[in-house]
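The values are calculated or read from the model by the stated rules, or taken from the named source; none is laboratory data. If you're wondering where the values come from, they're calculated on a predicted model, not measured in any experiment. Every residue, glycine as well, gets a Cβ built from its backbone with ideal geometry; the counts of neighbours run over all protein chains shown. Each accessible area value is taken on the protein alone, full model and side chains, heavy atoms only, with ligands, DNA and RNA left out. Shrake-Rupley method; radii C 1.70, N 1.55, O 1.52, S 1.80 Å.
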Amino acid sequence: MNEKSSEVKDNHKKSIQGIVTARKCDCCGHHEMGITSQTGKYIAFKPGMLVKIIGENRE
């Protein structure tokens, strides 16, 4: 296995699933996009993040 495939495999262990959410930044008031996990934790999207769309939330 080469270094690149090993790196990709390790990134999948760090994956998180949730709902895409927009919220207002506490610091400056701009709106930011991110994901809210099933536990309620919000993670803001950052440039360079890898995302995978797995479906549409149909609640």
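Below, the figures for the structure above:
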quantity	calculated
Restricting the range 1-31 to residues that are aliphatic (A, V, I, L, M) and at pLDDT 90 or above, the residue that is surrounded by the fewest Cβ atoms within 10 Å (Cβ to Cβ)	ALA22
Selected residue (only one of GLY48, GLY55, GLY34 is open to solvent by 40 Å² or more (accessible area, probe 1.4 Å) and under 12 Å from the mean Cα position of the chain (by Cα))	GLY48
